[in-house]
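These notes are about the structure you will find just below.
Bear in mind these aren't lab numbers, they're just calculated from the coordinates by the rules spelled out. The structure displayed is predicted, hence computed values, not measured ones. Neighbour counts are summed over all protein chains in view; Cβ atoms, including those assigned to glycine, are modelled from backbone coordinates with ideal geometry.
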Amino acid sequence: MHPHRKDHHPCANRVDLASEPHALKIQTRSPEELNLFFEMLEVWMRALGYPRRDIFAVRLALYEAVNNAFVHGNRRDRSKPIHVRYLVTAADVLLEVEDEGPGFDPDQVPDPTSSPYLDRPGGRGLFLMRNCMTWVSFNPQGNRVTLCRQRSVP
């Protein structure tokens with residue numbers, strides 16, 4: 001198991017936001033298009049009483065997930081959509097990011113904090129997602145990531 005893997009949470013493999021009736025969906029073609037969505041997400045989280053550290057963690061992890069989908073999944077092809085599903089409740093924030101790419105095996109991404117990889121740029125987005133969120137889970141194909149941040153105790 002990857003040393004920073006957090007997808008062992010009991011809910012991680014049972015969440016499918018596509019089948020969740022209250023989940024909302026947006027599409028984007030690049031991370032830059034999400035600025036308005038980030039603002040709206042922050043407003044919802046503040047209204048539900050989330051602490052600043054949770055808001056920051058969710059924004060950072062979502063940005064990294066969408067950026068990875070754009071760069072690695074869709075190969076910077078702006079004609080391919082990135083699907084973002086989300087559900088914000090008083091207990092947690094669930095986010096799902098899916099790209100049109102072939103997918104990957106997240107366990108094959110080296111730990112960027114280990115000695116031979118410290119100077120290499122790859123793997124940091126996945127590292128940040130895993131460390132900012134309560135759990136992170138990938139579909140078997142590896143082209144959809146589900147992120148969950150449970151509300152921190154204030």
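Per 5 Å bin from zero, what fraction in whole % of the C-alpha pairs of the range 17-150 is there, up to the bin with the longest pair?
Here the calculated profile for the range 17-150 is 2, 11, 20, 24, 21, 13, 7, 2, 0.
Inverting the mean 1/r over all pairs of different Cα atoms, compute the Kirkwood radius of the range 27-87 and quote it in Å.
12.2
Please find the FRET efficiency linking ALA90 to SER114, where r is the Cβ-Cβ separation and R0 is fixed at 41 Å, and quote it to the nearest 0.05.
Given R0 = 41 Å and the Cβ-Cβ separation, E is 0.60.
Suppose every K and R has +1 on its Cβ and every D and E has -1 on its Cβ; what is the size of the dipole of the chain about the Cα centre, in Debye to the nearest 20?
240
Per-residue counts of other Cβ atoms within 10 Å, averaged by peptide: what ranking do you get for 92-104, 75-87, 15-27, 31-43, highest first?
Going from most to least packed, we get 92-104, 75-87, 31-43, 15-27.
Rounded to the nearest Å, what's the spacing between the alpha carbon centres of the range 88-112 and the range 37-73? Just the number, please.
Rounded to whole Å, the Cα centres lie 13 Å apart.
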